[in-house]
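Following: one structure in structure tokens, then a few remarks.
Each value in this text was obtained by applying a stated rule to the coordinates, not by laboratory testing. Computed from a predicted model, the values in this text were never measured in an experiment. Every residue, glycine among them, receives a Cβ derived from its backbone with ideal geometry; neighbour counts consider all protein chains shown.
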Amino acid sequence: MNPSQTQTAPSESVKYGERLIEEGALITFPNPRPGRHYDIHITLPEFTCKCPFSGYPDFGTIYVSYVPDQRVVELKAIKLYINSYRDRYISHEESANQILDDLVAACDPLEINVKADYTPRGNVHTVVEVHHKKELS
């Protein structure tokens, strides 16, 4: 290819990255150390969704901290899952709760905390924290 020529992407209606984000499946794998209590901390600093009332974009950082039981969430999968929120009309409160519910369903951790720290908009700064602890019999 001549350096002065540009290459364009194939004209697919949905790009492969968009397809993977849309699928947004939380993939897990076996905990390499079941029975040992240890913490996993994940920071997702590019979270975005849309306000269900105004349609304006909301930006924030999602912090996930959990103690795994038998399953661990794969990191690329959680990145794609979080990116699936970008065009979703969802409140701050519901997004934090839905992320928690989906992670609990995927990996059934012993304990998990999800903190959604939103970028201030209109002089309002919102932080939503939700928690789950597994009932052990």
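In a simple Cβ point-charge model (Lys, Arg +1; Asp, Glu -1; nothing else charged), the chain has a dipole of about 300 debye relative to its Cα centre. Among TYR118, TYR56, the ranking by other beta carbons within 10 Å of each residue's beta carbon, starting with the fewest, stands as TYR56, TYR118. With neighbour counts taken as other beta-carbon atoms within 10 Å, the residues HIS41, HIS132 rank, fewest first, as HIS41, HIS132.
With contacts taken as Cα pairs under 8 Å at a separation of at least 6 residues, the chain carries a relative contact order of 25 percent. Modelled this way, with points 7 Å down the Cα-to-C-beta line, the labels at GLU22 and ARG121 are 2.4 nm from one another. Remark: LEU103, LEU80, LEU136, LEU75 ranked as LEU136, LEU75, LEU80, LEU103, counting other beta-carbon atoms within 10 Å and listing the fewest first.
Per residue, what volume in Å³ does the convex hull of the Cα atoms of the chain enclose? Numbers along the way, then the final one.
Working: hull volume 22.7 nm³, N = 137.
Convex hull of Cα atoms, per residue: 165 Å³.
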